[in-house]
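The values are calculated or read from the model by the stated rules, or taken from the named source; none is laboratory data. Nothing here was measured: the structure is a model prediction, and the numbers come from that model. No Cβ is skipped: glycine too gets one built from the backbone with ideal geometry, and neighbour counts run over all protein chains shown.
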Amino acid sequence: MSGRHPEVAEQRPDGQHHAAEGARTFLDAYARMFLIREFEQAIHRLFLKGEVHGTTHLSAGQEAVPVGVCMALRPDDYLSGTYRGHGHALAKGTDPEALAAEMLGRATGVCGGRAGSMNVVDLEHGMVGCFGIVGGSIGAATGAALSGKHQGRVSVALFGDGAANQAYFHECLNFAQVLRLPAVFVCENNLYGEFTPMREVTAGGQIAARAGAYGIPFQVVDGNDLWAVTEASAEAVARARAGDGPTLLECQTYRHFGHSKSDPAKYRPADEVERWLQRDPLGIARRRLLSEGTAEVELTALENDVRERLAAAIEAAREAPFPDPAARRGTEYRE
Amino acid sequence: MSQLEFRAAVRDAIAEELERDPTVLFFGEDVAAPGGVFAVTGGLQERFGPQRVFDTPISELALAGAAFGAAVTGMRPVVEVMFGDFMGLAMDSLVNQAAKLWYVSNEQHSVPLVIRSAVGAGGRFGAMHSQNHGTWFQGVPGLKVVAPSSPGDAKGLLKAAIRDDNPVIFLEHKRLYSLKGPAPNGETVPLGRAAVVREGTDLTIVSVSKGVRDAIDAAETLAGDGLEAEVVDLRSLRPLDLETVLASVTKTNRVLAVEEGPRTGGWVSGLLGMIAEEGLHELDDAWLIATEETPIPYSPTLEDAFLPAAETILESVRGRLGIGSE
């Protein structure tokens with residue numbers, strides 16, 4: 001799989017879209033969301049087979065957030081993500097085969113098998129990094145926004161609700177606002193920090209509102225609605241690009257899997273899970289595309305195409321060689 | 001040769017690199033308009049403007065994170081973390097992000113940042129404003145740790161650090177800021193290379209930063225006792241130039257390592273281990289001077305007794321080797 005999906009952001013650099021183009025653009029976005037869902041399910045299967053090692057944090061259910069955010073970004077804008085970051089990288093343009101190969105620990109992985117699931121970096125696509133430690137993406141994106149100020153680029157941090165209680169969150173929101181950095185802070189609030197309900201460990205119970213204390217515009221967004229995320233992101237990105245400083249978006253969403261591979265997520269009430277599954281972002285997007293005139297056959301064909309290309313990408317990744325420790329020992333420094 | 005003050009050497013190094021490379025940025029707490037609490041960086045903002053030289057909130061983690069993110073996206077940030085003791089607050093971004101990116105990215109991307117801090121005791125600043133954090137970072141692959149002992153090295157090493165493509169932790173001892181000395185010979189001084197700053201045949205004294213000044217002072221007195229000590233200035237704690245140390249030990253057969261910090265987990269302990277591994281047959285004696293395993297005290301009498309000084313080195317050598325005025 002080439003991973004060269006049409007760059008939706010390229011078609012709408014100003015965050016605006018024509019009605020005629022909209023369906024096609026959002027159709028591309030739907031394809032990207034569908035790719036992320038299929039990718040996560042494939043990684044889940046490979047993990048159960050013992051081919052993906054260590055741990056893995058799947059983002060199924062949260063696809064609309066990174067894809068909606070990237071709809072508002074130019075290809076050369078920056079994005080940082082989390083250890084639940086497969087979808088973040090794919091949304092920004094990372095090649096699915098190279099990403100799968102990384103999960104499988106292969107030499108052809110986007111980081112040659114050295115990074116694994118939690119630490120992917122792909123600067124070629126403006127992916128500043130995925131960070132295995134909660135809150136790390138906020139610091140990295142703040143720094144990229146500092147560069148962005150000199151380069152005319154915008155930088156987005158994706159992070160979870162747990163990160164809103166880290167020093168990174170508070171220090172960097174203040175830092176970015178004081179320096180009027182072109183940053184957008186996007187919280188994927190999936191209601192649980194690991195196994196603990198967000199509200200039990202988050203004073204005030206609100207994440208978005210915390211930005212108000214820093215004088216930063218904020219918005220609570222339906223994180224399962226691609227259109228809502230796209231619209232809010234476009235506004236925030238436009239504000240950043242205009243030199244008016246950062247925005248905090250709290251995108252409320254839900255993960256379909258547990259926190260990590262070892263977590264069956266039994267702490268979540270069945271009715272809550274059911275309610276959120278009814279609001280599956282893929283279902284929402286699919287229904288809206290159909291209602292706006294996309295034909296069922298077109299959607300099915302697109303889904304089949306994504307599925308087939310991903311299957312080929314995964315197979316290619318599985319056939320790729322493991323890195324040879326004797327052939328390439330690694331260096332400590334760039335000389 | 002004209003004399004250069006240590007603090008001016010640091011300022012000139014930053015200014016010259018800001019001048020030659022538009023991607024260099026300099027920021028930190030009180031560094032721009034106020035010119036730094038140790039009066040090191042005055043005038044830089046006036047000269048280079050607030051986009052490239054600016055004051056920041058007191059947020060060390062944000063500083064380190066911003067430096068990391070800026071460095072991976074094309075800038076060369078130079079950051080001041082006012083006191084080295086504050087580096088604990090910056091650690092996640094430095095240790096888990098900056099230090100690891102080059103390797104983890106499969107050697108595709110590097111992190112050209114410098115974090116410089118005032119370090120060291122003797123200023124009556126107490127337990128939380130007097131430490132040397134070099135050893136906190138010495139064991140982290142991917143980082144470079146540099147601690148100059150002279151104005152010339154401060155300038156040359158800092159310029160090299162700013163041009164280096166890897167993250168560099170730069171330690172400036174408070175009691176060196178007013179030291180005067182010759183300007184460096186060349187444009188830069190290479191990182192990771194020790195220097196023999198005094199030649200001798202009977203004993204090698206290894207130190208870094210302020211300890212090198214003390215070692216040189218002690219060596220001058222020891223010469224009166226008939227003992228010629230060679231002083232090796234490591235200059236970098238990581239990468240560590242073991243080769244220069246071993247060459248000196250091969251010549252003198254005795255080594256003393258002096259650290260302003262506790263011996264447990266200190267660089268002196270690691271160095272003696274490496275010397276033993278590589279050059280045991282060259283050794284007649286090896287020992288170290290370090291501080292007590294307690295925090296750094298405030299009261300002048302307590303702090304003076306706590307710190308290694310030229311006199312400490314002198315007495316230790318005389319006692320160990322059975323020489324001296326008695």
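Considering every residue within the range B:160-167, establish whether at least one is surrounded by fewer than 20 Cβ atoms within 10 Å (Cβ to Cβ) and either under 14 Å from A:Tyr333 (Cβ atoms) or of a type in the set (S, T, N, Q) (or both). Within the range B:160-167 (the criterion being surrounded by fewer than 20 Cβ atoms within 10 Å (Cβ to Cβ) and either under 14 Å from A:Tyr333 (Cβ atoms) or of a type in the set (S, T, N, Q) (or both)), the answer is yes, since at least one residue qualifies. Examine the range B:258-266 for a residue that is in contact with a strand residue (DSSP E or B) (Cβ under 9 Å, 6 or more places away or on another chain), in contact (Cβ under 8 Å) with a residue 24 or more places away in the chain, among the hydroxyl-bearing types (Ser, Thr, Tyr) and buried (at least 21 other Cβ atoms within 10 Å of the Cβ), and state whether such a residue exists. Checked against the condition, which is being in contact with a strand residue (DSSP E or B) (Cβ under 9 Å, 6 or more places away or on another chain), in contact (Cβ under 8 Å) with a residue 24 or more places away in the chain, among the hydroxyl-bearing types (Ser, Thr, Tyr) and buried (at least 21 other Cβ atoms within 10 Å of the Cβ), the range B:258-266 yields no hits at all. When the residues of the range A:72-82 are filtered to those that are outside any strand (DSSP E or B) and crowded, with 24+ Cβ neighbours inside 10 Å, the one that is farthest from the other protein chains (Cβ to nearest Cβ) is A:Ala72. Just one of (1) surrounded by fewer than 15 Cβ atoms within 10 Å (Cβ to Cβ); (2) in contact with a Ser or Thr (Cβ under 9 Å, 6 or more places away or on another chain); (3) among the basic types (Lys, Arg) fails for B:Arg235. It is (1). Is it the case that the range A:257-274 has a residue that's surrounded by fewer than 17 Cβ atoms within 10 Å (Cβ to Cβ), β-branched (Val, Ile, Thr) and at pLDDT 95 or above? The answer is no; no qualifying residue exists. Scanning the range B:33-70 for residues that are under 27 Å from A:Gly136 (Cβ atoms), of a type in the set (A, V, I, L, M) and touching a strand residue (DSSP E or B) at 6+ places or on another chain (Cβ under 6 Å) yields B:Val53, B:Leu63, B:Ala67, B:Ala70.
Mind counting the residues in the range B:287-319 that are closer than 12 Å to B:Ile205 by Cβ and either part of a strand (DSSP E or B) or without any contact (Cβ under 8 Å) to a residue 40 or more places away in the chain (or both)?
To start, the set of residues in the range B:287-319 that are closer than 12 Å to B:Ile205 by Cβ comprises B:287-289, B:308, B:310, B:312-314, B:316-317.
Cutting the leftovers down to either part of a strand (DSSP E or B) or without any contact (Cβ under 8 Å) to a residue 40 or more places away in the chain (or both) gives us B:287-289.
Residues meeting the conditions: 3.
Candidates are the residues of the range A:182-237 that are of a type in the set (Asp, Glu) and over 18 Å from the mean Cα position of the chain (by Cα); the one that is surrounded by the most Cβ atoms within 10 Å (Cβ to Cβ) is A:Glu235. In summary, B:Gly181 fulfils each of the numbered conditions (1) outside any loop (DSSP other than H, G, I, E, B); (2) under 16 Å from B:Val111 (Cα atoms) with the single exception of condition (2). Only residues that are within 12 Å of chain B (Cβ to nearest Cβ), surrounded by fewer than 24 Cβ atoms within 10 Å (Cβ to Cβ) and not in a loop (DSSP other than H, G, I, E, B) were counted across the range A:153-168, and they come to 1.
Within the range A:225-250, residues that are part of a helix (DSSP H, G or I) sit with their Cβ atoms under 6 Å from residues that are among the charged types (D, E, K, R), at 6+ positions apart or across chains, in these pairs: A:Ala228/A:Asp222. Kindly establish whether A:Ala312 is under 24 Å from the mean Cα position of the chain (by Cα), under 25 Å from A:Glu102 (Cβ atoms) and outside any loop (DSSP other than H, G, I, E, B). In short, yes.
When residues in the range A:109-130 are screened for being within 19 Å of A:Glu40 (Cα to Cα) and either of a type in the set (S, T, N, Q) or away from chain B (no Cβ under 11 Å) (or both), 2 of them pass.
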